[in-house]
1. Whose amide H sits under 5 Å from the amide H of residue 115, counting only residues 5 or more places off or on another chain, with H placed in the peptide plane?
2. List the GluC sites (Glu not before Pro) in the stretch 24-82 that DSSP assigns to loop (not H, G, I, E or B) and whose Cβ has at most 14 other Cβ atoms within 10 Å. Which are they?
3. Rounded to two decimal places and with Rh computed the Kirkwood way over Cα pairs, what is Rg over Rh for the stretch 56-116?
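Each reported figure results from applying straightforward, stated rules to the coordinates on display, with no laboratory input. What you see is a predicted model; the values in this text were computed from it and never measured. Glycine also receives a Cβ, built like all others from the backbone with ideal geometry; neighbour counts cover every protein chain displayed.
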Amino acid sequence: MKVLALFVCASLVGVSAALHVKAEAETADVARYGPYPTNYKEIVTKRLETQLVDAGSARIEWNGDPKPADLGTEGEHLYGYLVNFTVNARNRFGIYTGKQAHGALIRNGEVIKGLGLGY
């Protein structure tokens, strides 16, 4: 019986969190997050050209559309739209490195913080 109650509580928490994320995405404050980056693929690709050894070999897989996010730490806020993606590109030896997960926080048409790739 305790297991059933725990399962029901966990399910309700998951549904509540999903609804919160959806509501935040629909009501993103432009003053806080900036305008929605409709050209996010171009923005991230240009940034990768400065970060990768062989950017022309990059195989990018996008993991959904950008979502409003706050990546600030220690009470500081860093608002923008977070887009997650994987990259498989050649290293300096000409060998593909395998898919690696990365992210980019975009605000006002530029990457203000990256996750991975030595940002």
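1. Long-range HN contacts for residue 115: 103, 104, 105.
2. Qualifying residues, ordered by number: 74, 76.
3. We get a ratio of 1.07 for the stretch 56-116.
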